[in-house]
Amino acid sequence: MSTMKSQFNLQSGAVINGKWHHKHYRIEKELGAGANGVVYLATYQGQLVALKISENGYTVTSEVNVLKSFTKVQGSTLGPSLLDVDDWQSSSKLYSFYVMEYIHGPDLLSFVKQKGEAWVPVLMLQLLSDLEELHKAGWVFGDLKPENLIVTGRAPRIRCIDVGGTTIKGRAIKEFTEFYDRGYWGLGSRKAEPTYDLFSTAMVFIHCAYPSRFSKDGRGLEQLTDKVKKHKNLKCYEDVLIPALQGRFKSASDMRQALLTCSYKQTRSKGNSVSPQTRQPTRKTKRKRHGTTGAIVVILFIGCIYFFYLYSQMV
Amino acid sequence: MKTGSLKQILLITDGCSNVGEDPIAMSALAKEQGVSVNVIGVMENDVIDEKGMQEIESIALSGGGVSQIVYARQLSHTVQMVTRQAMTQTLQGVVNRELTQILGNKQTIEDLPPEQRGEVMEVVDELGETVEMEVLILVDTSASMKHKLPTVKEALFDLSLSLNARTGKNKFALFVFPGKKNDVEKLLDWTPKLESLTSVFAKLSTGGITPTGPALREAITYFDKKRSLRNLISRDDDEYYEESI
């Protein structure tokens, strides 16, 4: 548990040899350490991979079970894909590990901080599509939080990286984090149901607007409703966030639909009353567009003259 | 697979015992009787001294349980986590033993190739979801714990919430030490829901002594002796099969 970090002090350059499959992984650096093990960046035959190693073999087997069942979901981008499972005999002990695809990118909060709030609803729409697939396959993600969400690729796409909390529907949630847990806020049970993930999704959304989070004051839903209504970035998503906190959406796709409706409404209202801050950039782009159309007209004009010139030469 | 119930004592304290039997010996006694002992050390501004820490760790170690030292504000999350972790640990022990029965030659799950471990893990998960749990909570109410009790109460509600999300049944009992007259006092008899303890903490009087050992000894006697999962591990094979099939 708390001693986990000291257990694996694997330095860059250390080599992990698989006992069963005889593959060699070269450790590059530590990516993160949690209660259930440490994740390292490693290379295998020149390719970057993520390698999770744990003292507890059961943890590894359990997470591998989840990842394996993900690969059975068609076209899934839910978790990282599983590459290998093996044991490593260190000088003192036998450790279990698994190797997965390395998902490279900033976590959700850093991404939003860098690229702007406008990304939040977009990424949440992506997340909700993924959750819909996951729920259909009979799983609930459980430990949904910004640290477990990575935004990756040139066309930014949200991905979940830690499947430690992923639980079969109907069982008790395996792992959770208080702020995103409906039980903590007194708003529901810890049973693995789609509504559990939708609550966490709403809390992740709220967290993006309040980067330093806040703690509960005992008023439950009332406090969260206040937080949503008082923040300009959240207020317009009230019709998505509040029902999600109350567990009123039956499925991730229902919540997704509501979020789409909200975004649509928002763009329309923005179009009707342009605020001073947004006017500046729109004008700029307009001017640019004028510039490009002007250029096209000039090119066409010159083209025509040249054509006539050529035509007159031929005759 | 039909299983017995899984028995745990959860000791919540903030320091060292100073009266009566050695709590580490009492914890070992609990383990012998099929009850695992988990300990949570609660700090606030005060730091638990070296001796206290050592005692907390040793009690859990000899009681076959899990220990953790936390600040009061992290208590809720820790209590449910420690309880679940101890549960899984016990179940893994049971399943490992069953594997040894099947495979022979002292083989455990680590001797199976990784591909074949998945199904074994399914069994552990399934057991963790369905096993009956008996958790006896033992709260230190000596003077220094007084202002931490509201946090303790909240953590126990949270535990109830976590365990009651499972399909398996739960029974909780709550004891405090020192009691008004004896070393230990029962506040709540076996109940499936901890929510009923709303008012019980209010009327506590906190005393100066910390009789952790005697409190543990007393707590063990409150468990139903008939069916215990942990016992299965240390008993004869025949009996084990009888219980588990």
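Things to note:
For every residue, the table says whether it meets (1) part of a helix (DSSP H, G or I); (2) open to solvent by less than 60 Å² (accessible area, probe 1.4 Å); (3) in contact with a His (Cβ under 6 Å, 6 or more places away or on another chain).
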site	(1), (2), (3)
A:Gly13	no, yes, no
A:Lys19	no, no, no
A:Arg26	no, no, no
A:Ser69	yes, yes, no
A:Gly79	no, yes, no
A:Asp87	no, yes, no
A:Val99	no, yes, no
A:His104	no, no, no
A:Lys113	yes, no, no
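- Restricting attention to the range B:26-45, the residues being touching a helix residue (DSSP H, G or I) at 6+ places or on another chain (Cβ under 7 Å) and either more than 27 Å from B:Leu163 (Cβ to Cβ) or open to solvent by less than 10 Å² (accessible area, probe 1.4 Å) (or both) number 11.
- Restricting the range A:201-260 to residues that are part of a helix (DSSP H, G or I) and of a type in the set (Lys, Arg), the residue that is nearest to the chain's Cα centre (by Cα): A:Arg256
- Taken over the range B:37-81, the residue count meeting the criterion of being at the interface with chain A (Cβ under 9 Å from one of its Cβ atoms) and in contact (Cβ under 8 Å) with a residue 40 or more places away in the chain is 4.
- Residue match in the range B:61-68 (condition: at pLDDT 90 or above and open to solvent by 50 Å² or more (accessible area, probe 1.4 Å)): yes
- Matching residues, the range B:105-119, being in a helix (DSSP H, G or I), within 16 Å of A:Gln89 (Cα to Cα) and over 27 Å from the mean Cα position of the chain (by Cα): B:Asp111, B:Pro114
One line per residue, one yes/no per condition, for (1) part of a loop (DSSP other than H, G, I, E, B); (2) open to solvent by 70 Å² or more (accessible area, probe 1.4 Å):
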{"position": "B:Met121", "(1), (2)": "no, no"}
{"position": "B:Val135", "(1), (2)": "no, no"}
{"position": "B:Ser144", "(1), (2)": "no, no"}
{"position": "B:Glu154", "(1), (2)": "no, yes"}
{"position": "B:Gly168", "(1), (2)": "yes, no"}
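- Within the range B:80-104, if we keep just the residues that are more than 17 Å from B:Val120 (Cβ to Cβ) and of a type in the set (S, T, N, Q), the residue that is most open to solvent (accessible area, probe 1.4 Å) turns out to be B:Gln85.
- Filter pass, A:Leu108 being away from every other protein chain (no Cβ under 14 Å) and closer than 23 Å to A:Thr195 by Cα: yes
- All positions within the range A:152-169 that are in contact (Cβ under 8 Å) with a residue 60 or more places away in the chain, assigned to a loop (DSSP other than H, G, I, E, B) and more than 14 Å from every other protein chain (Cβ to nearest Cβ): A:Ile161, A:Asp162
- Subset tally (residues that are modelled with pLDDT under 90 and closer than 25 Å to B:Leu127 by Cα) for the range A:73-93: 0
- Residue match in the range A:42-50 (condition: of a type in the set (Phe, Trp, Tyr) and surrounded by 15 or more Cβ atoms within 10 Å (Cβ to Cβ)): yes
- Comparison of A:Asp181, A:Asp226 shows that the only residue that is under 23 Å from B:Glu129 (Cα atoms) and in the same structural domain as A:Asn148 (by TED's automatic domain parsing) is A:Asp181.
- The condition (being closer than 30 Å to A:Tyr44 by Cα, touching an Asp or Glu at 6+ places or on another chain (Cβ under 9 Å) and basic (Lys, Arg)) is satisfied by just one residue among A:Arg159, A:Arg171, A:Arg190, A:Arg154: A:Arg159.
- Scope the range A:15-68; condition away from every other protein chain (no Cβ under 12 Å), among the aliphatic types (A, V, I, L, M) and within 21 Å of the chain's Cα centre (by Cα); matching residues: A:Leu31, A:Ala33, A:Val38, A:Val39, A:Leu41, A:Leu48, A:Val49, A:Ala50, A:Leu51
- Within the range B:194-209, if we keep just the residues that are within 16 Å of B:Val152 (Cα to Cα) and at pLDDT 75 or above, the residue that is most open to solvent (accessible area, probe 1.4 Å) turns out to be B:Glu195.
- Matching residues, the range B:44-99, being more than 17 Å from B:Ser27 (Cα to Cα), in contact with a strand residue (DSSP E or B) (Cβ under 7 Å, 6 or more places away or on another chain) and of a type in the set (Ser, Thr, Tyr): B:Tyr71, B:Thr78
- Contact map, the range A:128-144: residues that are closer than 17 Å to A:Asp181 by Cβ paired with residues that are assigned to a strand (DSSP E or B) and of a type in the set (S, T, N, Q), Cβ distance under 8 Å, separation 6+ or inter-chain. Pairs shown: A:Val140/A:Thr167; A:Gly142/A:Thr167.
- The residue that is most open to solvent (accessible area, probe 1.4 Å), counting only those in the range A:170-222 that are at the interface with another protein chain (Cβ under 9 Å from one of its Cβ atoms) and of a type in the set (Val, Ile, Thr), is A:Thr177.
The values are calculated or read from the model by the stated rules, or taken from the named source; none is laboratory data. All values derive from a computational prediction rather than experimental measurement. Cβ coordinates were reconstructed from backbone atoms using ideal geometry, including for glycine residues, and neighbour counts include every protein chain displayed. The area values use the complete protein model at the heavy-atom level, side chains included, leaving out ligands, DNA and RNA. Shrake-Rupley method; radii C 1.70, N 1.55, O 1.52, S 1.80 Å.
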